[in-house]
Amino acid sequence: MDTKEVAQKIVELVRKQAWYEALDALYDDNVVSIEGGGGNETRGKEGVRGKIDWWIAAMEVHKFDASEPFVGGDNVVIQYDADITDKKTKERRHLCEVGVYTIKNGKIVREEFLPRAGG
């Protein structure tokens with residue numbers, strides 16, 4: 001798959017909340033995943049699998065949407081908007097962030113999630 005095809009597949013799977021399918025089909029074994037613009041860094045598919053496990057256990061997702069992708073060279077940007085409830089605190093909130101992806105040889109080798117300024 002080229003970068004545009006990977007981008008479209010990311011959007012398709014995220015909209016279905018098919019997190020594990022996306023991981024298995026699209027991610028490089030040595031992917032680097034970064035949260036919050038330089039915050040926590042996770043390496044490897046198994047590390048990302050752990051993040052997915054946490055997300056599913058911690059959040060009730062009422063709605064999750066992904067924009068059409070922005071694609072340039074090996075880079076993809078997708079905006080995510082979600083209506084979620086923290087299962088532990090019962091706090092319901094809106095999440096808005098972008099995922100910035102780097103694609104090499106048809107696989108995601110890097111992803112970084114940047115929240116909208118101000119929450």
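Of note:
- Those strands (runs of 3 or more DSSP E) lying entirely in the range 1-109 with at least 1 residues on the phi > 0 side of the Ramachandran plot and surrounded by 13 or more Cβ atoms within 10 Å (Cβ to Cβ): none
- No other residue among Asp53, Asp28, Asp24 is out of contact with any strand residue (DSSP E or B) (no Cβ under 6 Å at 6 or more places or on another chain) and farther than 22 Å from Thr85 by Cβ apart from Asp24.
- Set side by side, the residues Ser67, Ser33 differ, and just one is out of contact with any helix residue (DSSP H, G or I) (no Cβ under 7 Å at 6 or more places or on another chain) and closer than 18 Å to Pro115 by Cα, which is Ser67.
- Yes/no for Asp53 being without any contact (Cβ under 8 Å) to a residue 12 or more places away in the chain and of a type in the set (Asp, Glu): yes
Any read-out appearing in this document is the output of simple, stated calculations on the displayed coordinates, not a laboratory observation. Owing to the predicted nature of the structure, the values given are computational and were not obtained by experimental measurement. Here Cβ is always computed from backbone atoms with ideal geometry, including for glycine, and neighbour counts include all displayed protein chains.
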